[in-house]
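What follows is a single structure, written as structure tokens, with notes after it.
The values are calculated or read from the model by the stated rules, or taken from the named source; none is laboratory data. Note that this is a predicted model, so its numbers are computed, not measured. Because the Cβ atoms are built from the backbone with ideal geometry, glycine has one as well, and the counts that use them run over all protein chains shown.
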Amino acid sequence: MAKTRIPFVDLRAQYESIKAEIQEAINRTVEESAFIMGKPVSDFEAEFGAFCGAPFVVGCSSGTTAIHLALMGFEIGAKDAVITVPNTFIATSEGISHAGALPLFVDVDEATSNLSPKRLAEFLEKDCRLDSASGRPVHRASGRTVRAVLAVHLYGCPADMDGIRGICDRYHLWLIEDAAQAHGGKYRGRPVGALGDAACFSFFPGKNLGAYGDAGAVTTTHKKAFEKMQLLVNHGRLDKYEHLVEGYNYRIDALQARILSVKLRHLPGWTRRRQENAKTYDRLLAGWEGQLPSHPESVEPVYHLYVVRSKGRDDLARQLGDAGIASGIHYPLPLHLQRAYAHLGYKKGDFPVTERLAGEILSLPMYPELTADQIAEVVRVVRG
Ligand SMILES: *Cc1c(COP(=O)(O)O)cnc(C)c1O
């Protein structure tokens, strides 16, 4: 295989473009030597809340802990179940399991790769019964009460939030966004992060807004859930040695918060570059035999990933690799077929759309610093 000439992402190129600001943020934090909580964290939380249009933000240690925290914030735990999709990173369902709840999968819409409101409604009608006392859906097979829908905005493309919201309202379910790939994405002109009852973000380095290590956040419009999350994220603390409940060490650290504050200022520009790069791909790939990403008019995706579909996906990936171009598959093995979830009793064929997509999807290089020449080079190999 040739040396990689076009990487999948280029974090180093991004660092070079903001080096002075990052160095200043790191130096200031080390000089102050206050590494846990404090003003850097509360400043970033306020800035990120303003960015999402969400009144409450809890910074935390990762996207995975963000999901766990959000579910705990709404008192979801043992005896409960949470619906999500099988075509996502395992952190989505891990967060559900960490809360003690059962992940239940519902298949996605073929055109968007996101949760299908139609299948969600069918699942609640057919696989659940309504508990007469609470009016809540109970999953027949497990006996768990369904409490929430965790909707993933896959690849940075917001899910059909109106469609999902309508169903959640009908069944008294919390609607939580897995926005780990979708910072700044919009649905009907409104940013992700305040479209549901809460939203979970990851600042893993390769995400659209990435820290220099692990970090995450939950945004919410519910004060009570916010207060609960604020308590749980930091050992259930009221004061240094006074604990109202047993909590977690799920804090974001001050250094990451400072770095994220710097990078958040650049995010709108970086997002525009991703969107322009997607347009360039779209234009240069027009008429190609495979399928290009598409999205409904109502959404503005932020292209965490640019994912095409091809019947000859494996050959295509090999040819790109031979030409020194990195690519990826997100995700090759759906969650319901993972050994980690053998105990859930799913089998091949349970989610046909997800399974079909898994065999055809290919993520092409996508990052703000990607140049038009590099895109042309990728397209030349894809078309060849
Ligand atoms: C990255 C990611 C997460 C988890 O984030 P971490 O910060 O790595 O824990 C959750 N959900 C989705 C869809 C992701 O892409």
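Here are a few things to note about the model shown:
- Val308 falls short on exactly one of the conditions (1) over 20 Å from Pro191 (Cα atoms); (2) within 16 Å of the ligand (Cβ to nearest atom), and that condition is (2).
- Within the stretch 141-170, no residue that is of a type in the set (Asp, Glu) and more than 16 Å from the ligand (Cβ to nearest atom) sits with its Cβ atom under 7 Å from a residue that is modelled with pLDDT under 95 and assigned to a helix (DSSP H, G or I) at 6+ positions apart or across chains.
- Criterion: over 23 Å from His183 (Cβ atoms) and touching a residue at least 12 places away in the same chain (Cβ under 8 Å) - qualifying residue of Leu305, Leu344: Leu344
- Scanning the stretch 320-357 for residues being surrounded by fewer than 19 Cβ atoms within 10 Å (Cβ to Cβ), over 20 Å from the mean Cα position of the chain (by Cα) and part of a loop (DSSP other than H, G, I, E, B) gives a total of 9.
- Residue list for the stretch 251-300, filter: touching a Pro at 6+ places or on another chain (Cβ under 7 Å) and either free of Cβ contacts under 8 Å to residues at least 12 places away in the same chain or within 16 Å of the ligand (Cβ to nearest atom) (or both): Ala257, Arg274
- Failed criterion for Val57 (all others in (1) among the aliphatic types (A, V, I, L, M); (2) within 26 Å of Ser113 (Cβ to Cβ); (3) away from the ligand (no atom under 12 Å from the Cβ) hold): (2)
- Candidate set: the stretch 193-212, residues that are buried (at least 24 other Cβ atoms within 10 Å of the Cβ) and away from the ligand (no atom under 12 Å from the Cβ); chosen: the one nearest to His266 (Cα to Cα): Gly193
- Per-region count, the stretch 273-318, residues more than 23 Å from the chain's Cα centre (by Cα), closer than 24 Å to Glu355 by Cα and among the charged types (D, E, K, R): 6
- Checked against the criterion of being within 16 Å of the ligand (Cβ to nearest atom) and in contact with a Lys or Arg (Cβ under 9 Å, 6 or more places away or on another chain), the candidates Leu102, Leu71 yield just one match: Leu71.
- In the stretch 52-81, the residues that are modelled with pLDDT under 95 never reach a residue that is within 14 Å of the ligand (Cβ to nearest atom) with C-beta atoms less than 8 angstrom apart, at least six apart or across chains.
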